[in-house]
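Values in this text are rule-based calculations from the coordinates and carry no lab data. No experiment lies behind these values; they were computed from the predicted model shown. When we count neighbours, we look across all protein chains shown, and the Cβ atoms used for this are built from the backbone with ideal geometry, even at glycine.
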Amino acid sequence: MTRSPQPGEALTLSGADGERWAELVELYEYRVADTLQGRVPRGGRRSLADLREELLGAPLEAALHRRLLEADREYLAHRKSARPPQPTPAPVPPPPALWDAPLGGESAESRAWQELHLLAWGDAAHATLRTYLPIWQREPSLLTLRVLYTALENAERAGQAGLSGQVSFPVPAVRDPLTDLDNPQVLQVLTEAVVALLVQPDGRGRLELALSQVHEVPFPRHPDDDVLQARIEAAGREPLAPQARDTLIQALRTLHPAPRDPRERPAIREAARALAHSLEPLLSSGPQATLGGVPQHSVLYAAQPGTALDAPDDAASELVICLPGGQATHWRGTDFRWQPLGAQWQLQAGEQIALLRPQAEAAERGLTLELPQIRLRAFVSGAYLLLRAQSGPQEDLTRLTSLGRVIALLLDPADNYAALRLTRAAAQLLRVGRIDTDSVSASSADRYAGAAPDALHNFARKGAEILCGLLARRSTPGIQQAIHDAARPLGLGGPLTGHLAAALTVAAHHLETPPSALRHSRVDLPEDGTALCVELRDDPPLILHFGARAVTLRRDFRGQWTALLPGHPALTLQDLTVTRGPGFSLILARHDGWLSAAAPPTNESPSENPERS
């Protein structure tokens, strides 16, 4: 089991081959220890097997070789003891095909994928309808609600055996006591009924058809109209006095509903048209059944290699998990663990525990996870779980961009990485009330200069996240004072402390200005470091210009977004990528298909610090 270094700890570096093999042996020991304690090793059991195979063929020193054999002996003994007794061998079935969907049907994974996204879409539809209800309730005659009620009633009848094809339900009259549409409880039931209809396989089509029928025929002809007309004509032929004949005809009319005012029809048709227009974006955004089923590499711990996801993507807004395939994962800053409880599943998200009930009704198979970092909605279908972040792209991008500005300062090598050392010192002071000056002295920065870029970036990000969390409840003067108190023992001061305190204040209090959204293939980033939000695109690829440089963003052969900067290795875009070189700094934050980019000024010339180029 590996863990990220803390701000007050030393950073492990990648050095010579001997140091590399020593780190890998130590990593193998950690992962074996996790396995012996019943936990899934970080990266999964497959990564443990790959690491073991690499080390067994490696040119190790005698001491490392003995450590490897000792850990491997414990690992093999654990595997042997954990292996259940072998029953009498049964006839070996033919090997399954790579895609094991039943003939003439779809796989359980494909069905679960479609149902999960239908449940999630229904959840979003419920929220959308709640935003419309106050507007519709303010109408004097509640006309839109009456049209929606009528369309729902007719759509439900169309899906019931024996009722399909019968005469349509007419739009109720104003203040109809049987509908009671000004009652909040009735409106809540109406909203839930509409969502329940929409998540049915053909529910959207039935509702759209019912709305068009209301538009065409607001008042369907009553089935007994012909009978009433025949009785009135018969009464007119009765040998009665005119007054008695009129009384008889009036009595016959009272047995049937009174005819509606035809002047209502134009208003009802307009309301049906407006309602269909309002619901069109919602109905068209629903998940579509596809022949391909599950997209490639989109399900964590999937049994099929074609759909299996190697690792969760923190920049994605959702994550689908095959629960029997694993026991834990880490996504969007939260540790998730789960275990079966009979036909149900127990899910632990951080410190919160929830019960997943796959056999419950559709409305009861979704729940909310309120976590310190994020708010999630969880949906379950069979043995599959869908986690969906409730934060929108703009919220995520502004949060990540402000964090990226802090990281960009920490990656500055000036004065022996003074900003990074100051951040670690501030974290130590806030945590334990004192600073270990030896661990954050100028000589301690030698390890940073020789660290791999990814390792240094991850270390700086971890430190920035921890310090922002410690400063989140402090006021702006309190943050400034904490940075100044940490800088004094290190002999640091000047603009550095002010710049770092300002960046930490914005990141800790989420004060970053939302970036402007653009849809262009070539974008010039502002020289003052202001962030821009751009939609990622493949053809043509997105090119960002900043100063005399340009970075190209496109998908690689694996379908992952990469940033290509001349003179630098290709960077795989994570949720947050920060790179710094001589005379420039670049922040790239990603949320699904949207990118927030900023190039804050570095106040150094390209000739300075050439070793970082």
Original post:
Label points 7 Å out from Cα along the Cβ direction at HIS277 and ARG337: separation in nm?
Top reply: 5.5
Original post:
What list of whole percents do you get for P(r) of the range 469-515, with Cα-Cα distances grouped in 10 Å bins up to the one holding the largest distance?
Top reply: 28, 52, 18, 2
Original post:
How would you classify the range 394-509 from its alpha-carbon gyration tensor, with a ≥ b ≥ c the square roots of the eigenvalues: rounded for a/c under 1.5, else prolate if a/b is greater than b/c, otherwise oblate?
Top reply: oblate
**OP:** May I ask you to derive the FRET efficiency for VAL189 and ILE353 from their Cβ-Cβ distance with R0 = 25 Å, giving the value to the nearest 0.05?
**Re:** 0.20
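Multiplying the sequence separation of HIS78 and SER516 by 0.36 nm and subtracting their Cα-Cα distance, what value in nm do you get?
152.1 nm
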Subject >> Positive minus negative residues near ALA570 (Lys, Arg vs Asp, Glu; Cβ under 14 Å) >> reply: +1
Subject >> the chain - charge dipole about Cα centre, Lys and Arg +1 at Cβ, Asp and Glu -1, debye rounded to 20 >> reply: 540
Original post:
Where in the range 493-526 does the amide nitrogen come within less than 17 Å of the point 7 Å from the Cα of ILE543, taken along Cα to Cβ?
Top reply: 519-526
Original post:
Given that just one value was derived from the coordinates, which of (1) -0.62; (2) -0.57; (3) -0.49 is log10 I(q)/I(0) by the Debye sum over Cα atoms at q = 0.06 Å⁻¹?
Top reply: (3)
Subject >> Efficiency of FRET between ALA63 and GLN346 - r from beta-carbon atoms, R0 45 angstrom, step 0.05 >> reply: 0.55
**OP:** Starting with the highest mean, order 197-208, 501-512 by the number of other Cβ atoms within 10 Å, averaged over the residues of each peptide.
**Re:** 501-512, 197-208
Original post:
Roughly how big is the range 299-390's charge dipole about its Cα centre, with Cβ charges of +1 (Lys, Arg) and -1 (Asp, Glu), in debye to the nearest 20?
Top reply: 160
Subject >> Cα gyration tensor shape of the range 277-426, rounded if a/c is under 1.5, else prolate or oblate by comparing a/b with b/c >> reply: prolate
Original post:
Considering the dipole of the chain built from charges on the beta carbon (Lys and Arg +1, Asp and Glu -1) around the Cα centre, which of PRO372, ALA451, LEU300 is farthest to its positive end?
Top reply: PRO372
**OP:** Give the calculated FRET efficiency between ARG45 and ASP446 to the nearest 0.05, with a Förster radius of 30 Å applied to their Cβ-Cβ distance.
**Re:** 0.20
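If packing is taken as the average count of other Cβ atoms within 10 Å, what order do 382-390, 541-549, 23-31 fall into, highest mean first?
Sorting 382-390, 541-549, 23-31 by mean packing, highest first, produces 382-390, 23-31, 541-549.
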Original post:
Under a 5 Å amide H to amide H cut-off, with H placed in plane at 1.01 Å, what residues pair with HIS591 once short-range neighbours are removed?
Top reply: SER596
Original post:
Between ARG375 and ARG473, what length comes free when the chain is fully extended (0.36 nm per residue of separation minus the Cα-Cα distance, one decimal in nm)?
Top reply: 33.3 nm
Subject >> Linear extension gain, SER284 paired with GLU264, 0.36 nm per residue minus alpha-carbon span >> reply: 4.2 nm
**OP:** Please give the residues of the range 462-481, grouped as numeric ranges, whose backbone N is less than 12 Å from a label point set 7 Å along the Cα-to-Cβ vector of HIS330.
**Re:** 462
